[in-house]
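Here's the structure, in structure tokens; my notes come after.
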Ligand SMILES: [Zn+2]
Ligand SMILES: [Zn+2]
């Protein structure tokens, strides 16, 4: 079904770059963004806060990650959310073009080092209402594309307890309040049963044990990290101790350093 749809799409849509509309070479006909536009995606580079990957503050400790749960180690983003990268995120989320995840993860895996073996990729879940409207979760689409490139399993461990209002216009503090308590670890799948964390030494069958493997939260965009921090808080509550985060884009917050 997907293959038929894909073939039909190729017939109906000329293979041109989504951003600049240049025609794509035949061997790139599966890409949605041309190499030139891709090369304009501006990598996020050090110096940065070792933990949250935000450009180093001019003085004092980093304010962005100081409230994060201890289990959340490092968070990295591949590119700055400039116009070109924003177009890619927009296509992924609003134009119903999940295939663009292939282009996005090519850049992500090139710019960010692969997690250590055994890590699981955990997509940030969408609320039920948004999932119905979009038909897919863009973070899961990214996680699956990353999973193919890195040969790491995807673990959909989180659910969203409620639809949170869109974050785009909120201040950092308001974003934290907005997502507070928004995530839950799936009951019975990951060290939780009936909402109670199960210790590793419990006699309950091993399927319910908290895995030792590291978890990598995957999302499309990082702005203040409030969403990743809240998701990590839920996982830490279920006993997870090694969590990191990875996003395609990073939005700059001009008044926050
Ligand atoms: Zn282009
Ligand atoms: Zn930081």
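The values are calculated or read from the model by the stated rules, or taken from the named source; none is laboratory data. Keep in mind it's a predicted model, so treat the numbers as computed, not measured. Every residue, glycine as well, gets a Cβ built from its backbone with ideal geometry; the counts of neighbours run over all protein chains shown.
A few points about this structure:
- Pick from the stretch 215-257, criterion farther than 18 Å from residue 183 by Cβ, assigned to a loop (DSSP other than H, G, I, E, B) and in contact with a strand residue (DSSP E or B) (Cβ under 8 Å, 6 or more places away or on another chain), ranking: modelled with the lowest pLDDT: 257
- Beta carbons closer than 8 Å, at least 6 apart along the sequence or on distinct chains, pair a first residue in the stretch 28-55 that is within 17 Å of residue 112 (Cβ to Cβ) with a second that is within 11 Å of ligand 1 (Cβ to nearest atom) and in a helix (DSSP H, G or I) for 38/103; 41/84; 41/88.
- Residue within the stretch 195-209 that is surrounded by fewer than 14 Cβ atoms within 10 Å (Cβ to Cβ), part of a strand (DSSP E or B) and at pLDDT below 95 present: yes
- Selection within the stretch 31-61: residues that are at pLDDT below 90, more than 15 Å from ligand 1 (Cβ to nearest atom) and farther than 15 Å from residue 79 by Cβ. The member of this set that is surrounded by the most Cβ atoms within 10 Å (Cβ to Cβ) is 57.
- Restricting attention to the stretch 57-87, the residues that are within 13 Å of ligand 2 (Cβ to nearest atom), assigned to a loop (DSSP other than H, G, I, E, B) and either more than 20 Å from residue 236 (Cβ to Cβ) or touching a residue at least 40 places away in the same chain (Cβ under 8 Å) (or both) total 8.
- Taken as a whole, the condition of being modelled with pLDDT under 90, assigned to a helix (DSSP H, G or I) and within 16 Å of ligand 1 (Cβ to nearest atom) does not apply to residue 6.
- Every condition in (1) in a loop (DSSP other than H, G, I, E, B); (2) away from ligand 2 (no atom under 16 Å from the Cβ); (3) surrounded by fewer than 17 Cβ atoms within 10 Å (Cβ to Cβ) is met by residue 90 except one, and the failing one is (1).
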